[in-house]
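The structure appears right after this line, and notes come after that.
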Amino acid sequence: MSDIRVAVQLQPQHGEYHAIRNAAIEAEELGVDIVYNWDHFFPLSGEPEGKHFECWTMLASFAEVTERVQIGALVTCNSYRNPELLADMARTVDHISDGRLILGIGAGWFEKDYDEYGYEFGTAGDRLSDLRDALPRIEARWKKLNPGPKRDIPILIGGGGEKRTLRYTARHADIWHSFGSAETFARKSRILDEWCAEEGTDPAAIERSVGVNPKKLEGAGAYLAAGVTQFTLGIGGPHFDLSPVSDWIAWRDAQNRPT
């Protein structure tokens, strides 16, 4: 099994930007492996018109104020940017961070974002088709850019759709991120393995990631048994309380320690 990694998702809603930036710095100091944000234009909970900031501008800032952690969006909405532009943005942030970017991407779902910013919401099927078409365009653009990315940028695909999302994950991704119970995760992970066989991908090459409640470390063992090796703690604004992180880091280090 791969080493366990602990990530935090700093959910950039309701807080001042200095609080988000300071949380990214603190998370690195605490020892997390990855700092994510998310790609929305409005809060997902609380006051619908509350404070909020844009994802990729923020990632460029994360790249400058951190030195070790990997960074990325959990996840970028494919609908909001032309695939070639997104590839270029990702390449640029990868250089700013000296090769620490993860490109997290998904088909999109939050209708308020679409309506307020003038994107066509369409159907879930439409958005999945757009994601299918965008992924090879992103990969092709990375090969054309001068300079190219600092490394082969890992692609994380978020979602649990069994017929399409998991197939695209098997075809393109280095990391699969999902949610739900350990039992649900294990079942979907087996389906991902089946798609890997169909696509000619080694299933062991795809890291398995899940979103967890930071205050429920006791549930980590069931996810570990289900094959999860990346645990992402959702940390919300406005205060971005990272107090649970130390226990997760200690647990990670104990699990990764050679026996």
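Bear in mind that the values in this text are calculations on the coordinates, not laboratory data. What you see is a predicted model, and the numbers here were worked out from it, not measured in a lab. All Cβ positions, even for glycine, are placed from backbone atoms using ideal geometry, and neighbour counts span all protein chains on display.
Summary table
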quantity: Which of HIS14, HIS239, HIS177 has the fewest Cβ neighbours within 10 Å, and the rest in rising order; calculated: HIS239, HIS14, HIS177
quantity: Residue-averaged [θ]222 nm for the chain, counting only DSSP H segments that reach four residues, each worth -39500 (n - 2.57); calculated: -13500 deg cm²/dmol
quantity: Whole-number percent relative contact order across region 5-256, with pairs defined as alpha carbons under 8 Å at least 6 apart; calculated: 22 percent
quantity: Proxy reagent accessibility, fewest Cβ within 10 Å first, across ILE20, ILE191; calculated: ILE191, ILE20
quantity: Cα gyration tensor category, rounded, prolate or oblate, for region 44-116 with a/c compared to 1.5; calculated: oblate
quantity: Gyration tensor (alpha-carbon) shape descriptor, region 101-206, a/c threshold 1.5; calculated: oblate
quantity: Top positive-direction residue, dipole computed over the chain with Cβ charges, set GLY237, PHE41, SER189; calculated: SER189
quantity: Radius 13 Å from Cβ of GLY236, net charge of other residues (Lys, Arg +1; Asp, Glu -1); calculated: 0
quantity: FRET efficiency for GLU183 and ASN146, using Cβ-Cβ distance with R0 set to 41 Å, rounded to 0.05; calculated: 0.30
quantity: Added length on full extension, which subtracts the Cα-Cα distance from 0.36 nm per residue, SER246 to LEU85; calculated: 54.2 nm
quantity: Computed magnitude of the charge dipole of the chain (debye, nearest 20; Cβ of K, R +1, Cβ of D, E -1); calculated: 580 debye
quantity: Around ASP94: net Lys/Arg minus Asp/Glu count, Cβ-Cβ under 9 Å; calculated: +3
quantity: Under the Karplus curve 6.51 cos²θ - 1.76 cosθ + 1.60, θ = phi - 60°, whole-Hz ³J(HN,Hα) for region 150-164, x wherever Gly or Pro sits; calculated: 5, 8, 5, 5, x, 9, 10, 10, x, x, x, x, 7, 8, 10
quantity: Net charge of neighbours whose Cβ lies under 13 Å from the Cβ of ILE25, counting Lys and Arg as +1 and Asp and Glu as -1; calculated: -3
quantity: Cα gyration tensor category, rounded, prolate or oblate, for region 112-172 with a/c compared to 1.5; calculated: oblate
quantity: Largest-first principal axis extents, alpha carbons of the chain, Å; calculated: 45, 45, 38
quantity: Unit charges on C-beta of K, R, D, E only; dipole of region 131-253, Debye; calculated: 520 debye
quantity: Cα-based reach from LYS188 at 16 Å (exclusive), listing lysines while leaving out same-chain residues under 8 positions away; calculated: LYS163
quantity: Debye, to nearest 20: dipole size of region 21-63, +1 on Lys, Arg Cβ, -1 on Asp, Glu Cβ; calculated: 100 debye
